[in-house]
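Please treat every number below as a calculation from the coordinates, not as lab data. These figures come from a predicted structure and were not determined experimentally. Cβ atoms come from the backbone with ideal geometry, glycine included; neighbour counts cover every protein chain shown.
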Amino acid sequence: MIKKGKPQKVLILGSGALQIGQAGEFDYSGSQAIKALKEDGIKTVLINPNIATIQTSEHLADQVYFLPIKKEFVEKVIIKEEPDAILLGFGGQTALNVGIELYEEKILEKYKVKVLGTSVETIKDTEDRFLFSSRVEEAGLKCALSRTVHNIEEAKIAAAEIKYPVMVRIAFALGGLGSGIVSNEIELVEKLQRAFAFTNQVLIEESLYGWKEVEYEIVRDKYDNCITVCSMENLDPMGIHTGDSIVVAPVQTLSAKENFKLRSIGIKLIRHLGVIGECNIQYALSPTSDDYRIIEVNARLSRSSALASKATGYPLAFVATKLAIGYNLNEIENIITKETSSCFEPALDYVVLKFPRWDLQKFLKVNTELGSEMKSVGEVMAIGRTFEEVL
Amino acid sequence: MKHKKASLILEDGSVYAGYSFGYYGDSDGEVVFNTGMVGYPETLTDPSYHGQILVCTYPLIGNYGVPGKKVKDNVLVDFESDKIQVKGMIVTDYSFDYSHWDASQSLHEWMIEEKIPGIFGVDTRAITRKLREKGTMLGKIICGEIHEEEFNVEDPNIRNLASEVCTTIPKLYRKGDKKIILVDCGVKNNIIRAFAERNISVLQVPQDYDFAKENCSGIVISNGPGDPKMCTQTIINTKKAMLENIPLLGICLGSQILALASGADTFKLKYGHRSHNQPVNEMGTRRCYITSQNHGYAINSETLSEDWREWFVNGNDGTNEGIMHISKPFFGTQFHPEASPGPDDTEFIFDMFVRALK
């Protein structure tokens, strides 16, 4: 029961036009968010230029603005609609980036728009690679050995220190754009010349090529109740972007010790960061020992969470919205079973597999090798009783 | 590869025909199901499954093989007891190939060594549905052809199962200065490990050992198989201990024994709670935890006396998940704070109990 503090009108940032790394997956999360708010009698305003998505249909949000997800347009809508709160986590990376801009430029403060769910400070802790490594270290956990660099010279020094091969990662990027493994200084410079064209922060990391890639969807409420709703394992190891990998739920090759250890680590980190709502955490797990690294945390709904929701029947976006408004995890009804609460980690008696779909002939002269930059344009999901069946 | 036939026959006459893996031999017991998706080495060696045939709802079993028998502080690292405790294992898809850096053999090989039969190639969802509908049932595993014979399976729950799995002599695990008595009713190794990690010595004693006069900082009554009412001597001993102010912690069966010793009542659940994802709500707080559970009986909270309170309640079906005395350091948890396999959300119970030790 929320006795006070419930918002009256919430602005939701959608995900925008279809691109690689941002597509139909966010249609699902935004729609669920709107339904959750409406159930609580809250007015909803949606900004999303995508005319071809269910989310922008007439029967969902009270008001829809087919505008680009850009700071200037969002500000105009805020002035007109006067919402008292905003949801940033349901429109993927685009919405998050714009949300951070609005916060930093004090636009949200000016118009008294409260950020629901995970705070912008926490979002920045997960997006800014340097802040992220610090937070992980503070919690006594491990993340990939890395250095943040702002120019090519700094990068050369960092790579020499970490030792080749190294992973180059671009901060705030969509679908791993611009990132990849480089084996020597020449490849490093080539990669960075392109990277510094659209960002000023790059991470040089130890290469975990070949390590198992595992992810968990975690949910947390403001009373510190925290659970993992779904575990997933990528068939393709570290080095291939998750969006381009075959993903299986639940994890298949992890022992109970490994599975529950990663679960505890995730919960510990999410509690330390202060996420409220839903987030995704990715790990690299050694195939020859129980060593691990935390790769990243996405403090927002993602394509993995859309897959996880469908795989488990646990409506992550719906629950995340309720948590953002301020509900206690165990008082949110599970709308799928209708009998139990949302404080529940689904146990599957089947296997789910996601297979990416590519359309590479659309792009001229593109390298058809898979790597850490996402290239797929869609995905297919299968449910069955054995791995062979779903594949 | 041609597999030999094996079938599961339930007491209502239904037959599930599949193939044999593990030991090729017949078996019988109470048929129960567990929904855990990982953790079969720990689950199979949990003494609480003594007398039971385990059906795994998760379809793919055996993926990561079975680890070796490493020992630390005199306790096996990767198993909950020294042998496989189930009478048999029923799965949908057994993986004859396994892949894991820590595996030393396959599940199939291990089960042959331990002489425990398994069946694969059956629809575990159908079996589970039946068990949920009708309640747990007695069953038989028959290898090869089925011949017409009488279904003569004895219900294991009429015996004192705890006495069949507990240690026969006291064993001391020396660690720190403080010592607790662990009343072994079928204890899982992770309870011993939990205290060892916290630098507390553990004196593990048989379930009927008279511990009331023993010098110690606290007493833990362990988990175990079967009906708590069969542990008559343990209940008598617990009543005596409760007259002193010595800190008591009951885990799973132990919690039920504590309740019975205090005058409350227990009952049999329709098909039990056996999983790693049971939500429990802590009464009087906004906290909820995900717990590991394996019990077929529960405390009837309406029969708790004036001095006892419900501490935890199951988030799904409202059954009792923990009890606490209002003035004395007596605690009981129906779930497994030591998990293994399972989430460690409630491991704090051990820290809390250690703080309460004399």
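For the range B:1-76, the alpha-carbon coordinates run over 47, 32, 24 Å along the three principal axes, in decreasing order. Each residue, B:K115 and B:F96, gets one label point 7 Å from its Cα in the Cβ direction; the gap between the two is 2.6 nm.
Applying both filters, DSSP loop and at most 16 other Cβ atoms within 10 Å, to the GluC sites (Glu not before Pro) of the range A:23-71 gives A:E58.
In deg cm²/dmol, rounded to 500, what helix-only [θ] at 222 nm does the protein assembly as shown give when every DSSP H run of at least 4 residues adds -39500 (n - 2.57) and the total is split over its residues? Result for the protein assembly as shown: -7500 deg cm²/dmol, rounded to the nearest 500. Considering all C-alpha pairs of the range B:207-253, those separated by over 13 Å amount to 54%. Restricting the chymotrypsin sites (Phe, Trp or Tyr not before Pro) of the range B:53-116 to loop positions (DSSP other than H, G, I, E, B) with no more than 16 neighbouring Cβ atoms within 10 Å leaves B:F96, B:W101.
With a threshold of 20 Å on the Cα-Cα distance, the over-threshold entries among B:K115/B:K270; A:K70/A:K114; A:K257/B:K115; A:K70/A:K362 are B:K115/B:K270; A:K257/B:K115; A:K70/A:K362. By the rule of a C-alpha distance below 12 Å, with chain neighbours fewer than 8 residues away ignored, the aspartates and glutamates paired with A:K35 are A:D62. Residue by residue, the range B:324-339 carries 3J(HN,Hα) couplings of 8, 7, 6, 10, 9, x, 10, 9, x, 10, 6, 7, 9, x, 7, 6 Hz when phi is fed to the Karplus relation 6.51 cos²θ - 1.76 cosθ + 1.60 (θ = phi - 60°); x denotes Gly or Pro. Cross-link check: pairs B:K2/B:K70; A:K261/B:K70; A:K142/B:K188; B:K134/B:K188; A:K6/A:K110; B:K178/B:K328 evaluated at a Cα-Cα cut-off of 27 Å; pairs beyond the cut-off: B:K2/B:K70; A:K142/B:K188; B:K134/B:K188.
Report the residue, chosen from A:N48, A:N334, A:N367, that carries the largest GNM mean-square fluctuation when chain A is represented by alpha-carbon nodes joined by springs under 10 Å. Result: A:N367 has the largest fluctuation of those listed.
Averaged over residues, the count of other Cβ atoms within 10 Å places the peptides B:41-49, A:258-266 in the sequence B:41-49, A:258-266, highest first. Residues considered: A:F26, A:F132, A:F344. Largest GNM mean-square fluctuation over chain A, using C-alpha springs under 10 Å, is found at A:F344. By its C-alpha gyration tensor, with a ≥ b ≥ c as the square roots of the eigenvalues, how is the range B:29-167 shaped: rounded for a/c under 1.5, else prolate for a/b larger than b/c, else oblate? In terms of gyration-tensor shape, oblate. Rounded to 0.05, the FRET efficiency of the B:D351 and A:Y164 pair, given R0 = 56 Å and the Cβ-Cβ distance, is 0.80.
In the range A:41-135, Rg over Rh equals 0.99, where Rg is the alpha-carbon radius of gyration and Rh the Kirkwood radius from pairwise Cα distances. Compactness ratio for the range A:337-391: Cα radius of gyration over 2.2 N^0.38 Å (N = residue count) comes to 1.71. Sorted into 10 angstrom bins from 0, the C-alpha pair distances of the range A:142-237 split as 15, 39, 26, 16, 4, 0 percent. Note on the range A:82-149: Rg/Rh from Cα positions, Kirkwood definition for Rh, rounded to two decimals, is 1.06.
Computed from the Kirkwood radius of its Cα pairs, the Stokes-Einstein diffusion coefficient for the range A:19-74 at 25 °C and 0.890 mPa s stands at 209 µm²/s. The mean number of Cβ atoms from other chains found within 10 Å of a Cβ in peptide A:339-346 is 5, as a whole number.
Under Stokes-Einstein, with the Kirkwood radius over Cα pairs as Rh, the value for the range A:237-391 at 4 °C and 1.567 mPa s is 74 µm²/s. Cβ-Cβ distance of A:K38 and B:K83, R₀ of 56 Å, FRET efficiency by 1/(1 + (r/R0)^6): the value works out to about 0.50. Proximity of backbone amide H atoms, modeled 1.01 Å from N, is registered between B:K175 and B:S201, B:V202 at under 5 Å, excluding neighbours fewer than 5 places apart on the same chain. Per-residue Karplus couplings for the range A:5-11, computed as 6.51 cos²θ - 1.76 cosθ + 1.60 with θ equal to phi - 60°, are listed in order as x, 6, x, 9, 9, 10, 9 Hz, Gly and Pro entered as x. Counting, for every residue in A:263-275, the Cβ atoms of other protein chains within 10 Å of its Cβ and taking the mean gives 1. Mind checking the log10 I(q)/I(0) for the range B:255-358 at q = 0.14, 0.17 Å⁻¹? Debye, one equal scatterer per Cα, no solvent, two decimals. Each listed q corresponds, in turn, to -0.50, -0.75. Residue-normalised convex hull volume from the C-alpha trace of the range A:97-191: 121 Å³ per residue.
Database note for chain B: Cys without another Cys beta carbon under 4.7 angstrom, B:C56, B:C143, B:C166, B:C185, B:C216, B:C231, B:C252.
With all pairs of different C-alpha atoms in the average, the Kirkwood value for the hydrodynamic radius of chain B is 20.7 Å. Phi angles of the range B:240-247 translate, via the Karplus equation with coefficients 6.51, -1.76, 1.60 and θ = phi - 60°, into HN-Hα couplings of 5, 4, 5, 6, 7, 9, 6, x Hz per residue; Gly and Pro are given as x.
Dividing the C-alpha radius of gyration of the range A:165-319 by 2.2 N^0.38 Å, with N its residue count, gives 1.08. Using a Gaussian network model of chain A in which every pair of alpha carbons under 10 angstrom is joined by a spring, one finds that among A:G92, A:G14, A:G176 the greatest mean-square fluctuation is at A:G176. Are any of the pairs B:K83/B:K239; A:K112/A:K322; A:K112/A:K354; A:K222/A:K375 more than 30 Å apart by Cα-Cα distance, and if so, which? Pairs exceeding the cut-off: B:K83/B:K239; A:K112/A:K354; A:K222/A:K375. Compared with the dominant principal axis of the Cα atoms in chain A, helix A:92-104 is inclined by about 70°.
Shape index of the protein assembly as shown: Rg/Rh, with Rg the Cα radius of gyration and Rh the Kirkwood radius from the inverse mean 1/r over Cα pairs, equals 1.00. What's the angle, to the nearest 10 degrees (0 to 90), between helix A:152-162's Cα axis and the longest principal axis of chain A? Computed tilt is about 70 degrees. When the alpha carbon gyration tensor of chain A is reduced to an equivalent ellipsoid, the three semi-axes, largest first, read 32, 25, 21 Å. For chain B, find the longest principal axis of its Cα atoms and tell me its angle to the long axis of helix B:124-134, 0 to 90°, nearest 10. Once rounded, the angle reads 60 degrees. Mean per-residue shielding of peptide B:281-290 is 5, counting Cβ atoms of other chains within 10 Å of each Cβ. Between A:T288 and B:K2, the simple spin-label model (points 7 angstrom out along Cα→Cβ) gives 4.2 nm. Other residues lying with their Cβ under 13 Å from the Cβ of B:D184 contribute a combined charge of -2, Lys and Arg counting +1, Asp and Glu -1. The reciprocal of the average 1/r between distinct C-alpha atoms defines the Kirkwood hydrodynamic radius, which for the range B:152-258 equals 13.8 Å.
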